[in-house]
Amino acid sequence: MAEDPRDWNLETKLVRGGMARTAYGEISEALFLTQSFAYDSAAAADARFAGDAPGFIYQRFGNPTTQMFEDRLALLEGADLCRATASGMSAVHVALTGLVRAGDHIVAGRALFGSCRWILSEWMPRFGVEVTYVDAVDPEAWKAAVRDNTTCFLVESPANPLLEVTPIGAVADIARACGAKLVVDNVFATPIFQKPLALGADIVVYSATKHIDGQGRVLGGAILGGEQVMLESYKDILRHTGPALSPFNAWVLLKGLETLDLRVRRQSDNAAHVANAVAAHSKVRQTVYCGRPDHPQASIIANQMTGGGNVLAFDLGSREAAWRFLDALQIVDISNNLGDAKSMATHPCTTTHRSMPAAERESIGLTEGWVRMSVGLENDQDLQRDVERALDQA
């Protein structure tokens with residue numbers, strides 16, 4: 001009897017999950033750069049379009065390379081199904097729009113990436129969907145925000161950029177009680193350090209651009225969940241609106257998954273080292289890192305995460321000090337990306353969260369002095385020296 005891949009350990013799933021070899025027996029996954037597919041007969045085409053026969057129809061609907069990526073990520077996440085998209089933001093957009101219609105209500109954590117906030121504050125209201133923001137750490141705030149027409153909860157945990165951590169299990173219970181679906185953006189934690197579906201979430205989204213690629217090459221996104229919600233909420237919207245992932249990008253992301261565990265664990269070790277150095281520096285007012293015991297939600301982290309991740313944030317008190325720090329870096333790049341093999345730092349108020357009104361930034365504690373850093377795979381001593389030298393000049 002063939003072994004069930006679900007019984008494999010993490011590392012094996014990352015390297016071999018979803019593999020579908022052709023008759024040539026290739027070791028590296030095959031890359032199918034084709035827009036469409038041919039049929040043996042008109043009747044065969046009819047059967048495939050009707051869903052009576054398996055097979056691919058058109059790249060927008062599915063592709064063998066993309067399916068391998070989806071199957072591997074689903075296996076890793078513990079999901080029934082995964083559907084890949086062209087970017088992380090397309091994944092978030094589809095995840096939300098597939099769950100709501102005019103007259104519905106979304107409850108979302110207040111701390112969100114700037115583009116996610118735009119979708120909720122600017123885009124959804126155009127189609128008659130109301131949104132309420134809450135303190136994501138407080139289950140009572142979620143409970144108080146629920147209305148009769150609430151159909152969806154959205155949370156980032158840890159949140160961008162100040163690493164606020166939500167008690168996913170408690171929020172999932174509240175969503176379930178009112179009939180809403182809980183969507184969790186799990187990018188910062190990665191599927192290595194946190195499993196939202198196991199904690200009670202209905203849907204998990206990723207920007208695969210970040211850690212899953214992890215080497216600054218391609219864009220990609222993913223939506224994962226149980227079979228019923230994935231088919232009912234997302235099959236048609238993905239098929240007809242066309243946010244399809246390029247097969248080439250899917251192939252690159254497959255290669256990224258092979259080393260994901262190795263990379264994020266090393267990055268997390270490096271981040272912990274850098275975070276301790278940053279926290280000890282006299283120029284730094286506050287340091288937030290999920291692997292430190294002084295994180296404001298350390299007890300929640302202990303219950304739902306198995307690693308600190310590679311992102312930290314710290315407050316230098318003013319925009320001027322933050323910019324002096326960034327400009328003094330010699331190894332770490334100034335970049336708004338994260339999860340890369342290369343370390344990067346950014347000033348969220350003028351980059352990733354620029355579109356968020358100042359009052360809303362202040363409501364999540366994001367003042368002008370904050371820097372967000374994504375720690376990479378460089379030598380930890382080299383990174384510490386670079387960061388401390390730049391902090392001296394902040």
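Here are a few things to note about the model shown:
- Tallying residues that are touching a residue at least 40 places away in the same chain (Cβ under 8 Å) and surrounded by 12 or more Cβ atoms within 10 Å (Cβ to Cβ) within the stretch 17-32 yields 6.
- The criterion of at least 3 residues that are open to solvent by less than 10 Å² (accessible area, probe 1.4 Å) is met, among helices (runs of 4 or more DSSP H) falling completely within the stretch 101-192, by 168-178.
- Check on residue 140, free of Cβ contacts under 8 Å to residues at least 24 places away in the same chain and within 19 Å of residue 353 (Cα to Cα): no
- Selected residue (only one of 314, 325 is open to solvent by less than 10 Å² (accessible area, probe 1.4 Å) and either in contact with a Cys (Cβ under 6 Å, 6 or more places away or on another chain) or under 22 Å from residue 165 (Cα atoms) (or both)): 314
- Any hit, the stretch 229-248, residues being part of a loop (DSSP other than H, G, I, E, B) and under 12 Å from the mean Cα position of the chain (by Cα): no
- Selected residue (criterion: least open to solvent (accessible area, probe 1.4 Å)) from residues of the stretch 267-285 that are closer than 12 Å to residue 384 by Cβ and not in a helix (DSSP H, G or I): 281
- Subset of the stretch 304-320 that is in contact with a Lys or Arg (Cβ under 7 Å, 6 or more places away or on another chain) and among the aliphatic types (A, V, I, L, M) - its residue that is nearest to residue 207 (Cα to Cα): 311
- Subset of the stretch 210-225 (residues that are in a loop (DSSP other than H, G, I, E, B) and open to solvent by 10 Å² or more (accessible area, probe 1.4 Å)): 215, 216, 217, 218, 219
Table: residues versus (1) over 30 Å from residue 91 (Cβ atoms); (2) touching a residue at least 24 places away in the same chain (Cβ under 8 Å).
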site: 260; (1), (2): no, yes
site: 272; (1), (2): no, yes
site: 278; (1), (2): yes, yes
site: 284; (1), (2): yes, yes
site: 320; (1), (2): yes, no
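- Total residues in the stretch 67-95, condition farther than 25 Å from residue 9 by Cβ, in a helix (DSSP H, G or I) and either in contact with a helix residue (DSSP H, G or I) (Cβ under 7 Å, 6 or more places away or on another chain) or open to solvent by 10 Å² or more (accessible area, probe 1.4 Å) (or both): 6
- Restricting 377, 312 to those that are within 22 Å of the chain's Cα centre (by Cα), aliphatic (A, V, I, L, M), assigned to a loop (DSSP other than H, G, I, E, B) and within 16 Å of residue 274 (Cα to Cα) reduces the list to 377.
The values are calculated or read from the model by the stated rules, or taken from the named source; none is laboratory data. Only a predicted model underlies this, so the values are computations on that prediction, with no experimental measurement involved. Using ideal geometry, Cβ is built from the backbone for each residue, glycine included, and neighbour counts are taken over all protein chains shown. Keep in mind that these areas ignore ligands, DNA and RNA; they rest on the heavy atoms of the full protein, side chains included. Shrake-Rupley method; radii C 1.70, N 1.55, O 1.52, S 1.80 Å.
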